[in-house]
1. Going by the structure shown, is Pro515 under 24 Å from Ala600 (Cβ atoms) and in contact (Cβ under 8 Å) with a residue 40 or more places away in the chain?
2. Looking for whichever is buried (at least 21 other Cβ atoms within 10 Å of the Cβ) and either of a type in the set (Asp, Glu) or within 11 Å of the chain's Cα centre (by Cα) (or both) here; the options are Leu99, Leu117. Which one fits?
3. Looking at segment 210-241 only, could you name the residues that are in contact (Cβ under 8 Å) with a residue 60 or more places away in the chain and either part of a loop (DSSP other than H, G, I, E, B) or farther than 26 Å from Gln170 by Cβ (or both)?
4. Can you tell which of Ala178, Ala201, Ala186 is crowded, with 19+ Cβ neighbours inside 10 Å and in a strand (DSSP E or B)?
5. I want to confirm something. Restricting to segment 502-530 and keeping residues that are crowded, with 21+ Cβ neighbours inside 10 Å and among the aliphatic types (A, V, I, L, M), which single residue is nearest to Ile550 (Cα to Cα)?
6. If you go through segment 233-262 one residue at a time, how many are surrounded by 20 or more Cβ atoms within 10 Å (Cβ to Cβ) and over 30 Å from Glu318 (Cα atoms)?
7. When you look at Thr447, is it over 19 Å from Tyr150 (Cα atoms), surrounded by fewer than 16 Cβ atoms within 10 Å (Cβ to Cβ) and of a type in the set (Val, Ile, Thr), yes or no?
8. Given Ala600, Ala571, Ala592, which one is over 20 Å from Thr262 (Cα atoms) and free of Cβ contacts under 8 Å to residues at least 60 places away in the same chain?
Amino acid sequence: MPTPNPLTLAVSLVSVFTVLTAQAESAQNMPADELDTLTITGQAATKTETPFNETPQSFSVIEDDEWEMRGARSVQRAMDYTPGVFTNQIGASNRFDYLVLRGFSDGSLSNTFLDGLKLMGDTNSHSSMSVDPWFLDSIEVVRGPASVLYGQASPGGVVALSSKRPQFQQAGELRFTAGNNSQRSAAFDLTGPLGASQRVAYRLLGLARAADTQFGPVEEERYAIAPSLTWDMTDATSLTLKAYLQKDPEGGYHAGLPYEGTVIDRNGQRIANDFFEGEDEYDKYERTQRMLGYELEHRFADAWTGRQRLNYLNSDVELNQVYAYGWAPGSDSELARYYSGADESLEAWTLDNQLEAHLRGGFIDHTLLVGADYQRRDNRVAWPSGAFPSIDAFDPQYGAEPIAIAPGSPQDHALRQTGIYLQDQMGLGDWRLTLGGRHDWVDISNTDLTTDASSELDDTQFSGRAGLLYLFASGLAPYVSYSTAFTPTSFVDANGDLLAPMEGRQIETGLKYQPLGTQDRYSISLFRINQENVATKEQPTDPYRAVGEIESQGLELEANAQLTDRLRLQAGYSYTDITYKRSDDGNEGNHAIYAPRHQASLWGHYAFDGGRLDGLDAGLGIRHYADIYADRANTAKVPEYTLIDATLDYDLSRAGFDGMSARLNVSNLTDEEYVASCNSLEFCYFGAERSVSATLSYAF
């Protein structure tokens, strides 16, 4: 498949915008009751209910029916068709939700928020949180810096997850899934009112699933349950209590293999994409996470609303892993192997207080948001390590014992962050001006609990955003914005001191369009992001210095359209040019890894109506990735690859089984064998093989 031409695609979408604008302008002569626009909001982008085409920043919203239709079993898979997001950083691994936003992979695991509060994992460890998509109602991806509202974050953007909430109408669903690689799962969702007053509603969701993987004996297993309760205390006050408990006894595969042997031949041979380089007796990833929280909202008057959100998180992780690190010296077929372990216990609190006001000052409408939040995290870790005998990659023999394992010194990773923020969204006729500012106090420390040696950072940061948008009556909205971000790191300098946080800034301009009376959305955006204070060093053994700079610039196109009553289309394209603009390690001017310069996707879904196919839905998607560098020195690339996904869904009520439906999902339909990405020439990651699953659902 030829590499897409970004200029051609940009011109094509602008042409589409022109045609659609003309159609919308002619539609303005229709009766007003036929032109009510169905509002799509960017809740995470502004922390307020702001319509899609009034938000001067690029974002995407993925609803649960979209990823369920495609059979996604993780948050990262739910975003496979979202432009600006690369979901194949670690290939077939499902352990963490790796998401590369606008080319930035640093901190992506910590840039996930659940119901407006940060999932306080520790990116300098194995304690990164995961929420199963069965428990989610929607996912919003905000592209570009969002520190003005959320504090520390990657300049690439944030991912906001929204939980399924209690409903005041009785409903329920049971779901059962089976597939290849011994996939099996069962899930339930129950909701409705409690008592006759209609003031209290509950929701209870649960899930149990397990599967083998394509990598030898490695398995995935998960059990989760989420109870929640909403109490409308008065007409103006609401309280929601919620909990999320998840246990992953088996965390799946998470390792890489050398470029030579996976992408290119090693003495005329290739490693199989189901090869397992570890040892079954020393392979374990077990994670238990518990979250408890509440949301309190009170309307003081028609114009004033106060909110408080709190979340407590506790996580325990135990890891044992034997992994490969390059070819063994002097061998044509054996991989050198090492051992890595972890025993981690994380505890975190997050709190966000908001006051929102809708005011009119003269001829300007204001949506004012004032907030103060607090984040606290402590993670006790111990990381044993050691060496293992090598293994033949083409004729593996298992059962080896470690050569040596050294216990790791226990450490404590602590973070405290307090922030205050102010945002004013102003409407002046058809103009929309957004201004925001935030000040943060950040304390970070890494302490060796054996020696009491500690590295500490006590810093303050200011983040800001300014955006200007003009909303035409047709629904067309050009905009321009500027925003900043900061990202603390765990790297230390020659004196053992933590480096100053990385600082990012972005300028973005774009065009949005939502035709009147529809949920269709079209957008094009151009951006440039610069991140400074990036940790870099001249030689591998040298200490780090915060002198590096990364620059990411590109183009993103996205279209979501209901073309007919039965045909829906979703299309996206990203051109991302991210380079090491300044660096001490010899890579200055090179392209970054984990960032396809070209990424394109297309998904079509058709619902049959009438005839023998009445009740049948069919979906087909294609994803293409090209121009991915395999190492920071840019000596090699990952070959481009194209993946096809498909689904068939049948409403069994048409056959007399009320409330029942059956769905077949196939990802990587052609069973393409490919390397998805590389971290270096020593660690490349096989992509997922073909997956086939069948799901039976009963809604009542």
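The values are calculated or read from the model by the stated rules, or taken from the named source; none is laboratory data. Quantities reported herein were computed from a predicted structural model and do not represent experimental measurements. Here the Cβ is made from the backbone with ideal geometry for all residues, glycine too, and neighbour counts use every protein chain on show.
1. Working: under 24 Å from Ala600 (Cβ atoms): yes; in contact (Cβ under 8 Å) with a residue 40 or more places away in the chain: yes.
Yes; evaluated as a whole, the condition is true for this residue.
2. Working: Leu117 fails: either of a type in the set (Asp, Glu) or within 11 Å of the chain's Cα centre (by Cα) (or both).
Among Leu99, Leu117, only Leu99 is buried (at least 21 other Cβ atoms within 10 Å of the Cβ) and either of a type in the set (Asp, Glu) or within 11 Å of the chain's Cα centre (by Cα) (or both).
3. Hits for segment 210-241 are Thr213, Gln214, Phe215, Gly216, Pro217, Val218, Glu220, Arg222, Ala236.
4. On the way: Ala178 fails: crowded, with 19+ Cβ neighbours inside 10 Å; Ala186 fails: crowded, with 19+ Cβ neighbours inside 10 Å.
It is Ala201.
5. Ile529
6. Going through segment 233-262 one residue at a time, the tally reaches 2.
7. On the way: over 19 Å from Tyr150 (Cα atoms): yes; surrounded by fewer than 16 Cβ atoms within 10 Å (Cβ to Cβ): no; of a type in the set (Val, Ile, Thr): yes.
Against the criterion (over 19 Å from Tyr150 (Cα atoms), surrounded by fewer than 16 Cβ atoms within 10 Å (Cβ to Cβ) and of a type in the set (Val, Ile, Thr)), Thr447 does not qualify.
8. Values: Ala600 fails: free of Cβ contacts under 8 Å to residues at least 60 places away in the same chain; Ala592 fails: free of Cβ contacts under 8 Å to residues at least 60 places away in the same chain.
Result of the check over Ala600, Ala571, Ala592: Ala571.
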